[in-house]
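Worksheet for the structure shown next.
The values are calculated or read from the model by the stated rules, or taken from the named source; none is laboratory data. Not measured: the values here are computed from a predicted model. Please note: Cβ atoms are built from the backbone with ideal geometry, for glycine as well, and neighbour counts cover all protein chains shown. For accessibility, only protein heavy atoms count, side chains too; no ligands or nucleic acids. Shrake-Rupley method; radii C 1.70, N 1.55, O 1.52, S 1.80 Å.
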Amino acid sequence: MGRYLNTPGARVLSLADVVALVERVRQSAARGAREGLEALAAGVPVPIASIAIRAWPTLPTTIAERIADNRAQTFADSVMYREALASAAEARGWSVHWYDREQVFADAAAVLGREDITAFLRAMRGSIGPPWQAAHKLAAAAAIAAAGQRVPRASVR
């Protein structure tokens, strides 16, 4: 079912079977998120109070609707994992900051009282050391923005 039907190894499943499979994956993602955040909390020397997660566009409500919607199919998996992380973080009492990938660098700059944070991130990279890739810069900007703002989930997505 869906856009991968013509790929090698694909097999035909009923919608009910696909929904059940996605639900099993969702439960596994939830378990993995809980275990991963537990390991993270145990592995750092300071308490964790919040987590920043990239926001996403609104998706259809049900799994079946997401499967039927070509647009939703392209990012429903990543949304499921972000939802699992958010739920696990909230269950730990952590606040969840939702950030917009296109806006997060400006938000972080505003928190720091700067117009641009390129130099700040370059200095941060110098003190932290490699690796320092685009994903690391994005995570740093999201953490800075989260430290200065508390945006309700509904207003970002």
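Side notes on the structure shown:
- Cα gyration tensor shape for the range 1-46, rounded if a/c is under 1.5, else prolate or oblate: prolate
- Once the Cα gyration tensor of the range 58-99 is diagonalised, semi-axes √(5λ) in Å: 24, 10, 8
- Once you reduce the range 37-93 and the range 114-133 to the center of their Cα atoms, the two points are 26 Å from each other.
- The apolar share of the surface of the range 19-123, taken as the fraction of accessible area on carbon and sulfur atoms (1.4 Å probe, ligands and nucleic acids excluded), comes to 54 percent.
- Relative contact order [Cα under 8 Å, 6+ residues apart], the chain, whole percent: 26
- Once backbone amide H atoms are built at 1.01 Å from N, Tyr99 has Ile53, Arg54, Ala55 as its partners under 5 Å, excluding neighbours fewer than 5 places away on the same chain.
- Low-density loop positions, GluC sites (Glu not before Pro), the range 80-112 - DSSP coil, at most 10 other Cβ in 10 Å: Glu102
- For the chain, calculated [θ]222 nm from helices alone, where every DSSP H run of n ≥ 4 adds -39500 (n - 2.57): -18500 deg cm²/dmol
- Against the set [x] 1.23; [y] 1.02; [z] 1.41, the structure's computed Cα Rg over 2.2 N^0.38 Å falls on [x].
- Rounded to the nearest 20 debye, dipole of the chain from Cβ charges on Lys, Arg, Asp, Glu: 160
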